[in-house]
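Coordinate-derived values only; no laboratory data. In this text the structure is predicted, and so the values were computed from the model without any measurement. We place every Cβ from the backbone using ideal geometry, glycine too, and count neighbours over all the protein chains shown.
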Amino acid sequence: MFRKVLIANRGEIAVRLIRAFRELGIVSVAVYSDADRKALHVRLADEAAHIGASPASESYLRIDRVLDAARGHGADAIHPGYGFLSENAEFAASCADHGIVFVGPSAEAIRRLGSKTEARRLAKQVGVPVVPGTEEPATHIDDARRVARQLGYPVMLKAAAGGGGKGMRRVDTEQELESSVRDAASEAQRAFGSDEIYLEKLIVNPRHIEIQLVGDAHGNLIHLGERECSMQRRHQKVLEECPSPLLSEKPELREQMGQAAVKLARAAGYVNAGTAEFLADADGRFYFLEMNTRLQVEHPVTEAVTGLDLVHLQLRAAAGEPLGIRQSDVRWRGAAIECRIYAEDPDHGYFPSPGSILQLTEPAGPGVRLDSGVYPGWDVPLDYDPLLAKLTVHAPNRTAAIARTLRALEEYAITGVTTNLTFFRDLLRDEAFVAGRLHTGFLDEFMARRPRHLPDERLDDLAAAVAAVHTLDTAPDHGDPASTRNSHWLHQGRRFMLR
Ligand code: MV4
């Protein structure tokens, strides 16, 4: 196993990696930008290196600076976390050139699976279903028109070099096709440096289900089941669960999808942790979309249900050790839900709300896991994704997991920044959510029907302070607790009284 590993990341994922390293006796090296001098991951790591100015392009995305830090601290390996350099084939290759192990798949595997059309070709070769469409470039309007007529409208334009929904366009009629192709191609050129576009048939209101994979250098490649990721807005996942409510109804689908994902990863010579993304339609048909070659944000729901530690497995695989588990050893127990707690305002277009964390009360207790990257007094910088923490809850079944998540959300209080905690408290009470009728358009529909909240919660804070002082001066009358369960000002009132 490694002696010292550098973490080329920040925030909650850097903290999560430090924890795994400590469990394995590995020395952790954090890196940080100007904005992150006082960040939690820097405080918790064994060693730390400053790598540049606040913008990610001058720090966390600088291959040269990260490698210098790794060399300077004598790290044997680099864990990239997610985002930043995690799916950068050039970075993986540079690590190898410097004799440092990249904790992830080979540069070749990243490159090969990074092209969506390449990944589609590979999937077709090995008999894994893909959405009807082509791998040939349809950047020229004549090719696009021919393919779209064959598929039938509506169709989806996608960037070959794209991913995560960027550069994607729905086209409903031939009249829109020409301008859509032009717009999609120029957007792809700007975002990915390639204007190559291809076409797929549009799947209406699909579910987004992904399969977790892990493989070692000894030819052992297994799947750890699925995650349901249909709760997204603007291609940003908000809540993930394991198992998928759909696959709980159709367990034979889990086995089919798992085997399809393993077949594909094997064909790509895949080592380490990875995720195969699928769309599933209402009839239980599934289609491979793309492969993510990193540890994902939502990995804790898989860890909760399988009882496995994905970071431990990644480190073992990267160190050339066998995983130590076979497919038949993998068991799935209960249900897990992850909520991504963001400093943003869901009532105002999810506007980011960076600022200072004033007070923080964190949930705990049975089945609760909190992966947090913040502490009271810390200023959430505006330079990065405003993810504060991930709340992952595990319970014997989905109904119990929803109740437990609501319990944990009610324990959770953050002041100083606007968060989406109230949004989650509403979502987990929504009838369609509770029934498990999930699809990728769910959140837009939910936002239209959800209850409205006061725009300025600071008014609640003031009311809470007045009420607390009054309560301390007079005989307390708690009233009916059920009627005030979801009250922000009650949370605040309790905090003021406890000071
Ligand atoms: C699709 C699709 C429907 N039909 N492709 C989005 C992210 C990227 N990985 C692929 N995505 C999709 N591709 C076809 N042919 C639906 C999605 C999709 C989606 C689309 C709109 C709004 C939210 C979405 C969430 C997940 C997937």
When the convex hull of its Cα atoms is projected in every direction, mean area for the chain (nm²): 23.9 nm²
Charge dipole magnitude, Cβ of K and R +1, D and E -1 - the stretch 203-344, Cα centre, debye nearest 20: 140 debye
Please rank L428, L387, fewest neighbouring Cβ atoms within 10 Å first, as an exposure proxy. L428, L387
Qualifying trypsin sites (Lys or Arg not before Pro) for the stretch 256-354 [loop in DSSP, other Cβ within 10 Å: at most 11]: R326, R331, R333
Ratio Rg/Rh [Cα only; Rh per Kirkwood] for the stretch 190-276: 1.03
So for the stretch 123-264, using the alpha carbon gyration tensor with a ≥ b ≥ c as root eigenvalues (a/c under 1.5 gives rounded; past that, a/b versus b/c decides prolate or oblate), I'd call it prolate
Restricting to the chain, compute how many DSSP beta bridges are antiparallel as a %, nearest 5. 80 percent
Expressed as a whole number of Å, what is the distance separating the alpha-carbon centroids of the stretch 403-456 and the stretch 175-192? 35 Å
C-alpha long axis of helix 457-473 to longest principal axis of the chain, angle in °: 30 degrees
Helix-derived [θ] at 222 nm for the chain: sum -39500 (n - 2.57) over DSSP H runs of at least 4, divide by residue count, nearest 500? -11000 deg cm²/dmol
Rounded to the nearest Å, what's the spacing between the alpha carbon centres of the stretch 25-51 and the stretch 82-108? Just the number, please. 20 Å
Which one, N420, H218, C242, is farthest towards the positive end of the dipole of the chain when Lys and Arg carry +1 and Asp and Glu -1 on their Cβ? H218
Compute the long axis of helix 141-151 from its Cα atoms, compare it with the longest principal axis of the Cα atoms of the chain, and write down the angle in degrees, 0 to 90, nearest 10. 80 degrees
Can you give the charge dipole size of the stretch 273-347 about its Cα centre, rounded to the nearest 20 debye, using +1 on the beta carbon of Lys and Arg and -1 on the beta carbon of Asp and Glu? 520 debye
Using a 7 Å offset from the Cα along the Cα-to-Cβ direction at both A465 and A403, what is the distance between the two label points in nm, to one decimal? 3.8 nm
Toward the positive end of the charge dipole of the chain, about the Cα centre and with charges on Cβ (Lys, Arg +1; Asp, Glu -1), which of P376, A69, Y153 goes farthest? A69
May I ask which residue of S179, H299, L358 lies farthest towards the positive end of the charge dipole of the chain, with charges of +1 (Lys, Arg) and -1 (Asp, Glu) on Cβ and the Cα centre as origin? H299
I'd like the projected area of the stretch 1-85, averaged over all directions, using the convex hull of its alpha carbons. Report it in nm² with one decimal. 4.6 nm²
Separation of alpha-carbon centers, the stretch 273-326 and the stretch 362-385, rounded to whole Å: 24 Å
Convex hull volume per residue in cubic angstrom - Cα atoms of the stretch 257-309: 103 Å³
Rounded to the nearest 20 debye, what is the charge dipole size of the chain about its Cα centre when +1 sits on each Lys and Arg Cβ and -1 on each Asp and Glu Cβ? 820 debye
Given a Förster distance of 51 Å, the FRET efficiency implied by the Cβ-Cβ spacing of H453 and V330, rounded to the nearest 0.05, works out to 0.75
Expected unfolding gain across E174-S356 under the 0.36 nm per residue rule, minus the alpha-carbon gap, is 60.5 nm
